[in-house]
Structure formats: structure tokens, C-alpha cells
Amino acid sequence: MLGTLFEAVLYQPIFNLFVGIYNLVPDAGVVIFVLTVLIKLVLYPLTSSSIKSQKSLQEVQPKLEALKKKYKGEQQTLAQETMKLYKEHKVNPFASCLPLLIQLPILIALYWVLRNSLGTTDFHLLYSFVKSPESIKTVSLGFLELANPSIVLAVLAGGTQFWQTKMMTRKKSPENAGAGAKDEDMMAAMNKNMLYFMPFLTVIIGVQLPAGLTLYWFLSTLITSLQQLVVFKNKKTEVEVVDSKK
């Protein structure tokens, strides 16, 4: 029943949108680009909320580590002080997770649409008003075979993953940072490991997937990275405006 609901609510609408765009622009690579942009636009508010929350949590991390050191062994007091810290800095620790959980089913549905659509001749899930093409051709722009793995696209996906992760990576604390610096340095080291591990993992997985899926992965990560850049710049501007009024 859950599978049927997933198909009717998410998979089938996205599949129909994919085929509908393909009928207008008969190039699967272009369709993947358009579809990725459209879904990212729909999810823009949720993604922005998640990015802001992740950044805010990152910014209060040194103070949180200092609290953990100060109230070590006093769990109840630590919990109260942590909530006070979150309230003071207007941080919601759950706000970064909720948008991601909402987006996940949509992204999974899009993944399966791309996985099943390239080269297919099975269009029984099309709505009556969507024209059925003979097939979805897997060659894009006359040279890119979307049904086969692409090392170039895998590397591009890994590169954008590196860029996105680097923007979120904490820098090592200065030597005179004081309490909490040691824990913060440990977190900075972990972030640095993730900075290289995630792109590497992206490339390893990407070279095994059809190029159509890797293309989506690359475009999706690129758009999210650009959105992250815009959110960070806007957040920095807001802070500067607030500081100038003080």
C-alpha cells in the first residue's frame, strides 16, 4: 500500500512531468536539467531554511562546546543552558532536519524516474492528457550517452560536492580561543575529513551509475551550492546591517 501511495503521489506526477517536457524538448539531458531546476525551485524555501539552520548551529558550536565542558556531568543543567543558548541565538536544532526529511521522498521519486525512464518504451503510467513518445532516447546533445556511466560527470559531481561541503566546513580555532577550542579543533578536523571523503565517495558511486543519474546529481548539487552561497551572503549582509545599528 505504501508503495502504491508513493507511486501515485510522487513517482507518477514526476514521471508525467518528465515525459511532458520530453515531448516539448526531445533531449533527455535537457529534460533532466529543466526538471532538476523546477524541483529545486519548488523546494527552494525548504532548502534555504535547512541551510540557514545548519549555518546557525555551526556558528554556536564553540559556545555549545564550552557549555559541555563547564557543565560536564550535570546533564539537566547542560540541557537547560543549551536550550537557553539556542533561544538566545534563535537557533532551532530541528529546523535543519525537517526540510531534508520533507525533500527526501521527492528526491527518491526523481531518482527512480530517471533510473526507469531513460530508454524506456513503457508509458502505462502516463496521464491521458500526456502524449506518449515512442521511446526516451538516451543520447543527449548528440554525444552524451545517458544510459552508460560517465567518469567526467562523476568527477564534476564530486567537485560540486567538495565546493558545497567546503562552504560548511569550520576553520580551525585560533590558539588563544580558550575554553572549548580543543573540542572545536576536533570538529574542524572531522569536517576536513568529510570535505575530502564525501567528494571521493561521490565519484566512486558516480562512475558506477548511468550518466543520466550522475548528471542529475551534478546539477542538483551545483544548484544547492549556488543557493547555499546566496543564503550565506544574505545572512552576512543581515548581520552587518544589525551590527551597524548597534
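The values are calculated or read from the model by the stated rules, or taken from the named source; none is laboratory data. Everything quoted here is computed from the prediction, not taken from an experiment. Quick reminder, even Gly has a Cβ in these numbers, built from the backbone with ideal geometry, and neighbours come from all protein chains shown. Note: areas computed on protein heavy atoms with side chains; ligands, DNA, RNA excluded. Shrake-Rupley method; radii C 1.70, N 1.55, O 1.52, S 1.80 Å.
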Flagged in the stretch 4-28 as among the charged types (D, E, K, R) and open to solvent by 60 Å² or more (accessible area, probe 1.4 Å), in numbering order, are Glu7
Subset of the stretch 29-68, residues open to solvent by 20 Å² or more (accessible area, probe 1.4 Å) and in contact with a strand residue (DSSP E or B) (Cβ under 9 Å, 6 or more places away or on another chain), comes to Val30
When every residue in the stretch 115-168 that is buried (at least 18 other Cβ atoms within 10 Å of the Cβ) and of a type in the set (Val, Ile, Thr) is compared, the one modelled with the highest pLDDT is Thr160
Margin query: Would you confirm, using the coordinates I've provided, whether Lys192 is modelled with pLDDT under 50, part of a helix (DSSP H, G or I) and basic (Lys, Arg)?
Written below: no
Within the stretch 85-93, is even one residue touching a Phe, Trp or Tyr at 6+ places or on another chain (Cβ under 8 Å), touching a residue at least 24 places away in the same chain (Cβ under 8 Å) and open to solvent by 70 Å² or more (accessible area, probe 1.4 Å)?
yes
Restricting attention to the stretch 17-41, the residues that are in a helix (DSSP H, G or I) and touching a residue at least 40 places away in the same chain (Cβ under 8 Å) number exactly 15
Taking the stretch 195-214 and keeping only residues that are in a helix (DSSP H, G or I) and touching a Leu at 6+ places or on another chain (Cβ under 8 Å), one is left with Gly206, Ala211, Gly212, Leu213, Thr214
